[in-house]
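**Q** Sharing a structure with you now.
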Amino acid sequence: MSTSAATAGGAPRHGVRIAVIWAVATAISVPVMIWVIGPHIPPGAMSNDTRDQHTVDVVLATLAMPVLMLIWVYFAYSIRYFRQPEGDVIVDGPPDRAQPRIQILWLVVTLLMVIGLATYGTIDLLNDAGLGGGEGPHPLAVPADAKNALQVQVIGQQWFWTFRYPSYGGVETPKLELPVNREVEFHVTSVDVIHDFWAIELGVKADAVPGADNTAFVKPLENGTFQVRCAELCGLWHGHMNTTGRVVSDSQFATWIAAQQTKYSTITKDLPPYSLVYYPQPVRNG
Amino acid sequence: MESASVRQPQVVKSSTRIPSAWGQLLGYNVIWATVLAIVGYIVLHKIGDTIGAHSVAETGSGGSDQDDIAILMGMVGAILGWIGGLGFLNYPVSRILGRPATLREREEHGAWRYFRLCTDHKVVAIQYLVAVLFFFFIAGLNAMFIRTELTSDNATLFGAGNYLTLVGLHGTMMLMMMSAGILGPLGNYLVPLMIGSRRMAFPRIESLTMWLTVLAGFILLAATLLGGFPTGWTGYAPLADEARAGIDAYLVSFALIGVALALVGANMLVTVITLRAPGMHWNRLPIFVWGMVTTSILAVLAAPVLLAALIMVMMDRSIDTTFFVAAQGGSPLLWEELFWFFGHPEVYILALPGFAIVLEILPVFARKPLWGYRVAVAGMFGVALMSFMVWQHHLFMSGINSNLRPFYMFTTELISVPTGMVFLNAMGTLWKAKIRFTVPMLFALAFFFNFLFGGLSGVFLSDVPSDVLTHGSYFVMAHFHYTIMGGLVFALMGGIYYWLPKMTGFKLNEKLGKIHFWAMFIFFNLTFFPLFAAGMLGMPRRVSNYNASLHTLNVFVSSAAFCLGASMLVFLGNLVWSMVFKRERAGDNPWHSKGLEWQLPSPVPVYNFERIPVINTDPYQYGSPDAPPVADFGPRVVAGQAGAT
């Protein structure tokens, strides 16, 4: 296309013009995306997972800018300059059908972009990012200090969450509190239908599947509260299946978990033994 | 081709005998079918009730509305009554009994043929179009109800249960109707015209798919009478196992659509392979036909998987099998795998026809040949092939083997390469073009604007670390509305504005069309772009209760959505106004297209071509004054050929 655009006799060199406009638009939009919009992209910086996710999102959004600008500039330019005035006279354009060089160039560039993206994503996955997404019973990526991780079992149930702390006598509570700066290993499961444990500000999301153990890791880095919501349609009160969790200091956590152990001691001893998976009672609807 | 001489006598014989009005009323038609469907439901429901009471131990709480065996059998009865009442069983039954088949469906005139089995592909296509638009507007109305409920951050208006039913009806009906939405009306109408054929390969099957689609739509609506269903369009298994009887309607209607999709795909493939006119080489096939071919391949291969999975849920619910019951050796993840193995090709069943339409429209109004024809075809095949290799990205958070994630991330991103080719085709076609801004062209250009956002947001979803944030959130919802509504529905609208003059002979009003376009384009983007943000800020899909901090955003989106709904009323108004009240003859070739279908009179005569044409060239000979006409229609030139520029 653009190679054939270089017509000698005074006609505008459309290809060059498009390229210049595109370069300017990209030069403006890329810094805007990185430094102006980028910092506001969710989900904040509360944990290692959200920091990774934020970086990834800014990188992807920035990489999208040249593509977005190319299409926008090209289409806008074509619409502006290749427009035929309204009227009954039908004028045909030039009958050019294809240029293999441009097609091959386009194919190579898009392929390289895809391979680059996939490589970046894979490296990212192997190096801690994506730890927050449910990895199943055999995680691909495991954080360095996983041995000392605080184990928390998340049990989904229509329509609330229960959190079990196996290293604290298997106490079960409806509240989720986590100590700051300590690796946490979630084991997510369900006792009835499929739910999805989404700790939004922590950057954790893992499906809760009956009879399955789904692991996810997070290291909270800041004190504060976070929302927990169900992100998989689970029936009538799906939208109400939420709670608020807290990230607190080590000492506060110790106090809190001790209080929970006392509070629920009578219940804890009647609970079924700790298990990574639970099976629902067979449902017979009839 | 060979059919010309064989069929001519039948035409004469059947068109001489038009039954009286009473004969029409009592013959096989939709009224008779409705009656038989209701009778069939009642009879088989009764039988099922008896079987259920005696064969399956009632371990639960009981209650007649939960008797799934009776309800499912009743629906089978309704289906048999429906197709029997429409006369689909006459031919096979006659043949089995060794009697000569009576083919009453050969009638060619009168309004009644629109209410019965008709084997004219143009009649079936118009039946399809009316049916699809009817259900499209019902599903759109559900979307309006959904947005109304979401103006409040707590389920106050309809209540949580009704809200989920609305969500499920909207999603399922849109998916069902839109997957039939282009193959059915435009595919059935245009493919024979574009390849120079008088018919589809299997006319009775073609009609059957149309009537099954209608029945599926009504059965799905019947879910509201059976208590609704809480699963959305995805019908995830343990929830579907425990849901009340409304889910049976979802299962049966979706299964019917699965059957219809597979049949319509097979019919399309056989038609294109066997019924091309002489000279219609594969490299002269219009790009729209290629789009239908690739879509049909997906439909034929993917829909049976859905059908199998749906039957497994039906069995789980009715006769207590345990395919998806974790405690008894089943797996809830099995449904997700099977469903998305169908579901992701389904997404491209929705996308490829959109590509096909816009690439067919662009050359006409750019007055240039389609740029990169071979690459466009290759791109469509690439998309079709790749779409079977990406389904596990729907399960990224489900605890699948996490070693598989890099692979599915790669394949998902790879599918953007063939999709990108379609953009290159459009860009090449627009280069130094003579663009005319008709309504179809506006829709075609908007397709690329919208689909670009859909595609770019898809890159975020394919990248697993980023997907942790966006999976199952409104980000996904915005993403697929940008591809399906912004892509397919815009293309469908463009296609309707472009081809309706050929189908009916009347043009849609240009001014109303432009109002419709701009309203739809602006409010579509105002509705769905903010939802990307809603998802990233923590709003899960299908909730009627959300964080109060998102309230303002949702009220804004709802307001825009109502305007989007109003723009659809402009379309409906335009349709009624231009087709019923203020009819303006379109002429045979109002767009000055070089396509084969535009060389025929509008509306197209019953047997399409007086003689099977001999194809000289592909239909994109713009800017080549010396090129031969697209086809040689034989010595007796069909009216309208002179309309070509």
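The values are calculated or read from the model by the stated rules, or taken from the named source; none is laboratory data. Bear in mind the structure is a predicted one, so any value in this text is a computation, not a measurement. Don't worry about glycine lacking a Cβ; one is built from the backbone with ideal geometry, like all the others, and counts go over all protein chains shown. Surface accessibility is based on the protein's heavy atoms, side chains included, excluding ligands, DNA and RNA. Shrake-Rupley method; radii C 1.70, N 1.55, O 1.52, S 1.80 Å.
**Q** Working out 0.36 nm times the residue gap between B:L526 and B:K46, then minus their Cα-Cα distance, what length gain in nm do you get to one decimal?
**A** Once the chain is fully extended between B:L526 and B:K46, it gains 167.7 nm.
**Q** Here is a follow-up. How long is chain A along each principal axis, judged by its Cα atoms, biggest number first, in Å?
**A** On the principal axes, chain A reaches 92, 51, 32 Å in Cα extent.
**Q** Additional query: In the full protein assembly as shown, how much of B:H45 is accessible to a 1.4 Å probe, in Å² to the nearest 10?
**A** That residue has around 50 Å² of solvent-accessible surface.
**Q** Can you work out the PRE-style zone for A:T162? Point 7 Å along Cα to Cβ, and I want the residues of the range A:203-229 with backbone N under 18 Å.
**A** Answer for this model: A:208-214.
**Q** Working from the pairwise distances between different alpha carbons, so that the mean of 1/r is found and then inverted, what is the protein assembly as shown's Kirkwood radius in Å?
**A** 29.4 Å
**Q** Given points 7 Å out from each Cα along the Cα-Cβ axis, report the A:I28 to A:S249 separation in nanometres with one decimal.
**A** 5.0 nm
**Q** So with the 1.4 Å probe, I'd like the accessible area per residue for the range A:3-82, rounded to whole Å².
**A** Spelled out: the 1.4 Å probe surface of the range A:3-82, per residue, equals 48 Å².
**Q** Comparing A:L63, A:L150, A:L178, which has the greatest mean-square fluctuation in the GNM of chain A with Cα pairs linked when under 10 Å apart?
**A** Among A:L63, A:L150, A:L178, the largest GNM mean-square fluctuation belongs to A:L63.
**Q** Looking only at A:W106, A:W161, A:W237, which one moves most when chain A is put into a Gaussian network model with springs between Cα atoms under 10 Å?
**A** Its mean-square fluctuation being the largest, the pick is A:W106.
**Q** For the range A:146-285, give the magnitude of the charge dipole about the Cα centre (Cβ charges: +1 Lys/Arg, -1 Asp/Glu; no others), in debye to the nearest 20.
**A** Roughly 220 debye, rounded to the nearest 20.
**Q** On a full-extension model of 0.36 nm per residue, what is the gain between B:S549 and B:I31, subtracting their alpha-carbon distance, rounded to one decimal in nm? Before the final figure, lay out each step's value.
**A** Working: separation 518, 0.36 × 518 = 186.48 nm, distance 5.19 nm.
So the chain would gain 181.3 nm between B:S549 and B:I31.
**Q** Let me ask something additional. Measuring from a point 7 Å past the Cα of A:T262 along Cα-to-C-beta, which residues in the range A:142-178 have an amide N at less than 11 Å?
**A** Once the point is set 7 Å along Cα→Cβ of A:T262, nothing inside the range A:142-178 turns out to lie under 11 Å by backbone N.
**Q** Please compute the net charge surrounding A:P42, taking Lys and Arg as +1 and Asp and Glu as -1 over other residues with Cβ under 9 Å from its Cβ.
**A** Net charge around A:P42: -2.
**Q** Not counting ligands, DNA or RNA, and with a 1.4 Å probe, what is A:R83's accessible surface area in Å² rounded to the nearest 10?
**A** 120 Å²
**Q** Probe radius 1.4 Å, ligands and nucleic acids ignored: give me the carbon and sulfur share of the accessible area of the range A:146-285 as a rounded percent.
**A** Of the solvent-accessible surface of the range A:146-285, carbon and sulfur hold 55 percent.
**Q** Let me ask you something else. Largest first, how would B:C563, A:C234 line up by accessible area (1.4 Å probe)?
**A** Largest to smallest exposure gives the sequence B:C563, A:C234.
**Q** In Å², what does the accessible area per residue of the range B:208-255 work out to with a 1.4 Å probe? Could the numbers behind the result be given before it?
**A** Working: 950 Å² over 48 residues.
Result: 20 Å² per residue.
**Q** Considering the zone a paramagnetic label at B:H281 would reach in this model (a point 7 Å from Cα along the Cα-to-Cβ line), which residues of the range B:193-230 have amide N under 18 Å from it?
**A** Backbone N within reach: B:195-196.
**Q** If you project the alpha carbons of the range B:291-426 onto the principal axes, what extent comes out on each, in Å, largest first?
**A** Result for the range B:291-426: principal-axis Cα extents of 63, 33, 17 Å.
**Q** For chain B, what is the convex hull (Cα atoms) projected area averaged across all directions, in square nanometres? Walk me through the numbers on the way to the answer.
**A** Values: hull surface 118.3 nm².
It is 29.6 nm².
**Q** How do B:150-158, B:447-455, B:287-295 rank on mean C-beta neighbours within 10 Å, highest first?
**A** B:287-295, B:447-455, B:150-158
**Q** Using only DSSP helix segments of four residues or longer, with each worth -39500 (n - 2.57), what per-residue ellipticity at 222 nm results for the protein assembly as shown after dividing by its residue count and rounding to 500?
**A** For the protein assembly as shown, the value works out to -18000 deg cm²/dmol.
**Q** Something else: Place a +1 charge on the Cβ of each Lys and Arg in chain B and a -1 charge on the Cβ of each Asp and Glu, then give the dipole magnitude about the Cα centre in debye, rounded to the nearest 20.
**A** Here the size comes out at about 2540 debye.
**Q** Follow-up. Setting aside same-chain residues fewer than 8 positions from B:K507, which lysines have a Cα under 30 Å from its Cα?
**A** B:K122, B:K368, B:K432, B:K434, B:K582, B:K594
**Q** Computed on protein heavy atoms with a 1.4 Å probe, what is the summed buried accessible area for the chain pair B and A, in Å² to the nearest 100?
**A** 8700 Å²
**Q** Roughly to the nearest percent, how much of the accessible area of the range A:1-143 is carbon and sulfur, given a 1.4 Å probe?
**A** Carbon plus sulfur share of accessible area: 72 percent.
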